[in-house]
Amino acid sequence: MERNQLERRISVASKKEPADTVIKNGKIIDVFNGEIMQGDIAIVDGYFAGIGEYEGKNNIDVNGQYVCPAFIDGHVHIESSTVTAKEFAKVSLLHGVTSVIADPHEIANVSGAAGIQYMLDSTENLPFDFYFMLPSCVPATAFEHAGAILLAEDLKPFYQHPRVLGLAEVMNFPAVLNAEKDMLNKLIDSKSAGKRIDGHAAGLKADDLNVYMSAGIRTDHESTTAAEAKERLRKGMYLMIRQGTVAKDLHQLLPVVNDRNSRRCLFVTDDKHLDDLVHEGSIDHNVRLAIAAGLSPFTAIQMASINTAECFGLETKGAIAPGYKADFILFDNMETIQVTDVFKDGLAVVKKGELLKDEQWNQEPSILESIKDSVRFHELEEDSFQILLEETKANIIEIIPNSLVTIHQMEQVDTCELGLFRPSIAADQLILSVIERHHMTGSIGLGIVKGLGLKSGAIATTIAHDSHNLIIAGTNNHDMVAAANAIKEIKGGMVVVNQGEVIASLELSIGGLMSDRPYLEVYNKLNEINLALKILGANDHFNPFLTLSFLSLPVIPELKLTDQGLFQVSTFKHIKIDA
């Protein structure tokens, strides 16, 4: 802080000079005591300077509305929204979120350090605060081909960036457990720089959490049961309660939250599709769900603001109090929390539900050609998707709706006289394929998936966590080839194919993950895709594309598929399709 700024803030706080802006007649939400305050709110140079009786150059009468700290998303992958950070910020602001702690893990798996730099560059000078945690596991495991490898030495320079807060979700537990050299270097570098370390403790037991906490890992967003959540709180971790598009854990975890531990709990979205962000919202949706489930509105708001700020050491965020950033929202009803107005650094950015125009939205960062030309694989034929079985019983990936976790099933399957697997619409047994798309290795993993419910056609996407190879699910080989060809033509994205024809698609030319188009255009394209999925008869109890994108993630139990084959998470090794 510059000396003159500090002098001016003190001068306004002591009423020696008028504030830039004063908010009057608001019901101020006090996140420290869990109660409502009354008073004028003085703002100067984008900070709160005092609460009491103040006059300003600009007085805003909010007519009895609630004045609440703006919301903070404690863990999110911007890339999962399929739009650029700038467009993501626009949607988030409409829902009262002015800050996020993002993990650019997805684009880093495609483009390495260049992808991280792109995300930092593309988030400069916006009326929105993007903080970043550095991807800790690129690739996530050694059992797949990613677009890049990031070692500790590749990440270390980024700690000098003021918006880099630490090391992102450490998901390679064996590397921590075995004290592997590069993983130790990553942990040490983060701590030496005075930064935080996020966890990814999917399926880890109490003894495993001892290892994570001893390594300096302090958060986890992978709890799916109340028992898991309680154990993480017992061990001293911050509990991140996730409600995204696929993983919806809030209702299972909320019973753990009480008056004694709530300040160690915060809300995250992790991965959320653009259409859900537009319809449901972001962290505001988590807050509404929690209140509807019986949580105190004050507690829910704490978990969406001050708790997250304190977890990540953001000392001037998360509260309506002197010395804090003037990031706040207005709403009429504390039970429903429908955001009407949003202020960032003391300036209105959303008014009556409409985003205000700002020249800052016009900036377009340059994108390296390597990031825009990231989809490379050999031509595929129908034979590429043939699964040869020695037995008629097979290991099958079964989807659990709205969960990242899958079930490992063993079922009878149909085969032809040559021993080739025949997809069954009746049994909901479809072909699943993951194709390496970064280095032209020709590596193709094949498996069988149950639960998508397709009655015809194929769907394909280059969003395939975490290495983001091309993943295709289909009822027949012909449509799967057509889907692969369509993906190559648009340089990455999402396609729906039926009877050899592309009936809907979304071009994601930035790393095969994000569109360079305005969010409303992308939103309309996603609606077209959702209509096309209905033509295929896809299961409508969850988002088929986002679910598909996690079927290749080999760090979430129990059975997944990488470009190197079927992967069993509990044993951390590949297995045969034959049972």
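Taking the range 537-546, which residues are within 19 Å of A427 (Cα to Cα) and buried (at least 23 other Cβ atoms within 10 Å of the Cβ)?
Passing the criteria: A538, P544.
Mind listing whichever residues of the range 338-371 are in a strand (DSSP E or B), in contact with a Pro (Cβ under 9 Å, 6 or more places away or on another chain) and within 30 Å of L508 (Cβ to Cβ)? I'd like the intermediate steps shown before the answer.
In the first step, residues of the range 338-371 are kept if they are in a strand (DSSP E or B); the result is 339-344, 347-351, 354-355.
Narrowing the set further to residues that are in contact with a Pro (Cβ under 9 Å, 6 or more places away or on another chain) leaves 344, 347, 349.
Of everything in the range 338-371, those that are in a strand (DSSP E or B), in contact with a Pro (Cβ under 9 Å, 6 or more places away or on another chain) and within 30 Å of L508 (Cβ to Cβ) turn out to be K344, V349.
Return yes when N258 is in a helix (DSSP H, G or I) and outside the structural domain of N530 (by TED's automatic domain parsing) and no when it is not.
Taking the combined requirement at face value, the residue does not satisfy it.
So if I check each of I36, I72, which one is in a strand (DSSP E or B) and closer than 20 Å to K344 by Cβ?
I72
Tell me yes or no: at least one residue of the range 417-429 is more than 18 Å from S552 (Cβ to Cβ) and β-branched (V, I, T).
Yes, some residue in the range 417-429 is more than 18 Å from S552 (Cβ to Cβ) and β-branched (V, I, T).
Do we have A146 as in contact (Cβ under 8 Å) with a residue 40 or more places away in the chain and among the aliphatic types (A, V, I, L, M) here?
The answer is yes for A146.
Inspect the range 12-23 for any residue being among the β-branched types (V, I, T) and part of a helix (DSSP H, G or I) and give the result as yes or no.
Looking through the range 12-23, at least one residue is among the β-branched types (V, I, T) and part of a helix (DSSP H, G or I).
Condition check ((1) more than 30 Å from D516 (Cα to Cα); (2) in the same structural domain as V278 (by TED's automatic domain parsing); (3) touching a helix residue (DSSP H, G or I) at 6+ places or on another chain (Cβ under 6 Å)) across all residues:
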position	(1), (2), (3)
Y324	yes, no, no
N333	yes, no, no
T340	no, no, no
P365	no, no, yes
E381	yes, no, no
I397	yes, no, no
Q409	yes, no, no
G419	yes, no, no
P423	yes, no, no
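Only one of E335, E315 is without any contact (Cβ under 8 Å) to a residue 24 or more places away in the chain, assigned to a loop (DSSP other than H, G, I, E, B) and of a type outside the set (F, W, Y). Can you tell me which? Talk me through it step by step, then tell me what you get.
Values: E335 fails: without any contact (Cβ under 8 Å) to a residue 24 or more places away in the chain.
Selected residue: E315, the only one of E335, E315 that is without any contact (Cβ under 8 Å) to a residue 24 or more places away in the chain, assigned to a loop (DSSP other than H, G, I, E, B) and of a type outside the set (F, W, Y).
Those residues that are over 28 Å from P135 (Cβ atoms), of a type in the set (S, T, N, Q) and in contact with a Gly (Cβ under 7 Å, 6 or more places away or on another chain), I need them from the range 457-496; list them, please. Steps first, answer last, please.
To start, the set of residues in the range 457-496 that are over 28 Å from P135 (Cβ atoms) comprises 457-458, 474-483, 485-486, 489, 496.
Checking the rest, the ones that are also of a type in the set (S, T, N, Q) come to 475-477, 485.
Scanning the range 457-496 gives a single hit, T475.
Is it the case that Q302 is polar (S, T, N, Q), farther than 30 Å from A482 by Cα and surrounded by fewer than 19 Cβ atoms within 10 Å (Cβ to Cβ)?
no
Which of the following residues is closer than 21 Å to M240 by Cβ and either at pLDDT 95 or above or surrounded by fewer than 22 Cβ atoms within 10 Å (Cβ to Cβ) (or both): K191, K156, K181?
None of the other options fit; the residue is K191.
Among the listed residues E169, E231, which satisfies the condition of being in contact with a Ser or Thr (Cβ under 9 Å, 6 or more places away or on another chain), in contact (Cβ under 8 Å) with a residue 12 or more places away in the chain and in a helix (DSSP H, G or I)?
Numbers: E169 fails: in a helix (DSSP H, G or I).
Going through E169, E231 in turn, just one is in contact with a Ser or Thr (Cβ under 9 Å, 6 or more places away or on another chain), in contact (Cβ under 8 Å) with a residue 12 or more places away in the chain and in a helix (DSSP H, G or I): E231.
Would you say G447 is at positive phi and of a type outside the set (S, T, Y)?
Spelling it out, it is not the case that G447 is at positive phi and of a type outside the set (S, T, Y).
Can you tell me which residue among S552, S505, S515 is in contact with a strand residue (DSSP E or B) (Cβ under 7 Å, 6 or more places away or on another chain), under 20 Å from G442 (Cβ atoms) and not aromatic (F, W, Y)?
S552
Working only within the range 275-285, note down all residues that are farther than 20 Å from F32 by Cα, modelled with pLDDT of 95 or more and of a type outside the set (V, I, T).
Once the filter is applied, which keeps residues that are farther than 20 Å from F32 by Cα, modelled with pLDDT of 95 or more and of a type outside the set (V, I, T), the range 275-285 yields L277, E280, G281, S282, H285.
Just to verify a result, which residue in the range 402-450, among those that are within 25 Å of K573 (Cβ to Cβ) and of a type in the set (D, E, K, R), is surrounded by the most Cβ atoms within 10 Å (Cβ to Cβ)?
Ranking the candidates gives R437 first.
Can you list the helices (runs of 4 or more DSSP H) lying wholly within the range 80-122 that have 1 or more residues being touching a Phe, Trp or Tyr at 6+ places or on another chain (Cβ under 9 Å) and within 22 Å of D284 (Cα to Cα)?
Hits in the range 80-122: 85-94.
Mind listing whichever residues of the range 493-522 are among the charged types (D, E, K, R), outside any strand (DSSP E or B) and closer than 18 Å to V110 by Cβ?
Step one: of the range 493-522, the residues among the charged types (D, E, K, R) are 501, 507, 516-517, 521.
So of that shortlist, the ones also outside any strand (DSSP E or B) come out as 516-517, 521.
Once the filter is applied, which keeps residues that are among the charged types (D, E, K, R), outside any strand (DSSP E or B) and closer than 18 Å to V110 by Cβ, the range 493-522 yields only D516.
Would you mention how many residues in the range 210-223 are surrounded by fewer than 21 Cβ atoms within 10 Å (Cβ to Cβ) and within 22 Å of the chain's Cα centre (by Cα)?
1
Can you tell me which of (1) closer than 16 Å to R437 by Cα; (2) β-branched (V, I, T); (3) in contact with a helix residue (DSSP H, G or I) (Cβ under 9 Å, 6 or more places away or on another chain) is the one V497 doesn't meet?
Condition (1) is where V497 drops out.
The values are calculated or read from the model by the stated rules, or taken from the named source; none is laboratory data. None of the values given here were measured: they were computed from a predicted structure. Positions of Cβ are generated from backbone atoms using ideal geometry, with glycine treated the same way; all protein chains shown enter the neighbour counts.
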